[in-house]
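For reference, the structure discussed in these notes is given below.
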Amino acid sequence: MNDPKKLEATMSGLIIMSSAYGSVRAEDGLCQLHDRYVRASFGCGDFAATVAVVAEEGLEPPTQGL
Amino acid sequence: MSRTDVEAPSAGGTTLTQAQGWRELWLKEDWWAVWIGLGIIVVGYFLFTQGASLKWIAVTPAKWSTLSQLGADLSANALRYVAQFFLWLVLFGIALTALGHKARDFVPAFVFLYLISVLIFVIGQWTQANYYNLEPPLVALVLGLFVSNTIGLPRLFDAGFRVEFYIKVGIILLGATLPFTLILWAGPIAILQASIVSIVTFLVIYFAARRLGLDHQLSAVLGAGGAVCGVSASIAVAGAVGAKKEYAPIAITVVIVWAIAMIFVLPFVARLLNLPTGVAGAWIGTSEFADAAGIAAAQTYGGFAGHGIAGTSDQAVWSFTLIKVVGRDVWIGIWAFVLAIISTTRWEPAATGRKPDAAEIWWRFPKFIIGFLIASIIITLVARNYTQAAYTKQVTPVLAGPIKDLRTWAFIFAFLSIGFTTRFRELAHAGLKPFGAFSIGAIVNVLLGFVLSAYVFASHWQNLVH
């Protein structure tokens, strides 16, 4: 889960002096399987993504990692 | 299609969208701050070349000593305030809507924010304000904290209380009053001083946390928060090292408690020590944890200039910005990259995924700094055609001055938003060990920052001039 609005709702206090919409977050998100906050290139072996932008462009989504 | 529209659940429980590449230009608030900040400066310059100015819309309350004076000033300029309100509403509204916020949440929140900002500005312009320590950043913060922790505001208003967004716009506008030649002259010392303090602070917090039994990742997340750029650094490093999901909220709590305390402590200790504004700004830049908190402290101290404190109000904000933005913020991508490598190769190779790509240094780079530097270059190119005296007489009143006034508004929006979004009871429970480890580092940071600012590089910081 890396939607900035949901991240800000999940991480108490994030909006006080930072933001989930800023560049420094890059595309980090919460891995809800392992309860970790990870970078987009995390490459978890259990990750089977439906990558939104890829799907939007009509391409086949990867089945593992990014 | 918005980012939330396209998000879909995945088998592994993680959903990742890619906003990188050109999409970042309209999916990250840093770039929107650049468009708005530079847009204002470019329009201001265009008007300047046509013999016009942003001055009309960059209205601010005049100094006043009686309520009748205040009433006359506000009523005479009422139309200008209405126009300015709509200018901000449209600019911020377009940006925040593009980022995924709902206009119906943002608009009422910003109406409220603007009205209270006028009140804060008015209080700051009272001729007795300095005597009673009614510095606008502190008044905004105290009022915001009081309201959010007692009366409370609708949660939907958070859509309009965008601290980081407003502070980034303000810093870019600040670039238009900071000559690029000064950045080139002072930048290397700023980077040197900030690097010394950042590395020492990180190592102190990290090893103190390890000594207290905390794991590598939490120690690193806390260390980055104290050493680099507060909450932003903590979440960047949390993602980079694959931290457990509760670690970032722990660091956020600790950073915010310390950062808010420092907004009040640093300016008043610096005043007790009679530090020149440039020196105090450098100290605040070294020792505050977040840009918004640091700007609040530096602007507060700048307000003491001319009241027994040497230097100008600009020098406090300039030296703060040089140390914090140029000296510390720009390195966050490298900190995150290095720690990600260490995490994936040494700490938890199996749990923290594959090695990071060096391109992540760029993705994490705080892009608003690009806008800040471009703004400075623009104003420097404008200024090269004038002597100092001619610039002060011909350019400052119609170009640099109005940009500075709009910057002040952006900062007040940010200071108020800090207070309105800080609900102490909702912050995650940090625990004594993380708080203790961070506090040890913060104390070292403050002392080392003071020695470097007030002794080692003191002559450098107190001589920041055009």
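The values are calculated or read from the model by the stated rules, or taken from the named source; none is laboratory data. Predicted model only: the values in this text are computed from it and were never measured. Ideal geometry is used to build each Cβ from the backbone, glycine not excepted, and the neighbour counts take in all protein chains shown.
Is it the case, given these coordinates, that residue B:289 is more than 14 Å from chain A (Cβ to nearest Cβ), out of contact with any strand residue (DSSP E or B) (no Cβ under 7 Å at 6 or more places or on another chain) and modelled with pLDDT under 95?
no
Before we move on, is residue B:359 away from every other protein chain (no Cβ under 14 Å) and either among the small types (Gly, Ala, Ser) or over 17 Å from residue B:29 (Cα atoms) (or both)?
Against the criterion (away from every other protein chain (no Cβ under 14 Å) and either among the small types (Gly, Ala, Ser) or over 17 Å from residue B:29 (Cα atoms) (or both)), residue B:359 does not qualify.
Residue B:251 versus (1) free of Cβ contacts under 8 Å to residues at least 40 places away in the same chain; (2) more than 21 Å from residue B:140 (Cβ to Cβ); (3) small (Gly, Ala, Ser): which is the lone unmet condition?
Only one criterion is unmet by residue B:251, namely (1).
Out of B:300, B:380, B:344, B:408, I need the residue that is hydroxyl-bearing (Ser, Thr, Tyr), farther than 28 Å from residue B:131 by Cβ, more than 14 Å from chain A (Cβ to nearest Cβ) and in a helix (DSSP H, G or I). Which one?
Just one listed residue meets the conditions, B:380.
For the range B:340-372, what are the residues that are of a type in the set (Gly, Ala, Ser) and modelled with pLDDT of 90 or more?
Across the range B:340-372, the qualifying residues are B:340, B:343, B:371.
Does residue B:53 count as assigned to a loop (DSSP other than H, G, I, E, B), more than 21 Å from residue B:124 (Cβ to Cβ) and at pLDDT 95 or above?
Yes, satisfied.
Looking only at the range A:11-51, which residues are at pLDDT below 90 and more than 7 Å from every other protein chain (Cβ to nearest Cβ)?
If the condition is that a residue be at pLDDT below 90 and more than 7 Å from every other protein chain (Cβ to nearest Cβ), then A:34, A:45 are the ones that fit.
Return the only residue of B:431, B:436, B:371 being in contact (Cβ under 8 Å) with a residue 60 or more places away in the chain and over 30 Å from residue B:207 (Cβ atoms).
Just a single option satisfies the conditions, and that option is B:371.
Sort through B:88, B:32 and tell me the only one that's surrounded by 18 or more Cβ atoms within 10 Å (Cβ to Cβ), modelled with pLDDT of 95 or more and within 13 Å of chain A (Cβ to nearest Cβ).
When all the criteria are applied, what remains is B:32.
When you go through (1) modelled with pLDDT of 95 or more; (2) more than 11 Å from every other protein chain (Cβ to nearest Cβ); (3) within 21 Å of residue B:32 (Cα to Cα) one by one for residue B:208, which number turns out not to apply?
(3)
Would you mention how many residues in the range B:236-246 are of a type outside the set (Lys, Arg) and at the interface with chain A (Cβ under 7 Å from one of its Cβ atoms)?
Adding up the residues that qualify gives 6.
So which residues in the range B:127-150 are closer than 20 Å to residue B:304 by Cβ and either assigned to a helix (DSSP H, G or I) or in contact with a helix residue (DSSP H, G or I) (Cβ under 8 Å, 6 or more places away or on another chain) (or both)?
Going residue by residue through the range B:127-150, those that are closer than 20 Å to residue B:304 by Cβ are B:127-142.
Once the filter is applied, which keeps residues that are closer than 20 Å to residue B:304 by Cβ and either assigned to a helix (DSSP H, G or I) or in contact with a helix residue (DSSP H, G or I) (Cβ under 8 Å, 6 or more places away or on another chain) (or both), the range B:127-150 yields B:129, B:134, B:135, B:136, B:137, B:138, B:139, B:140, B:141, B:142.
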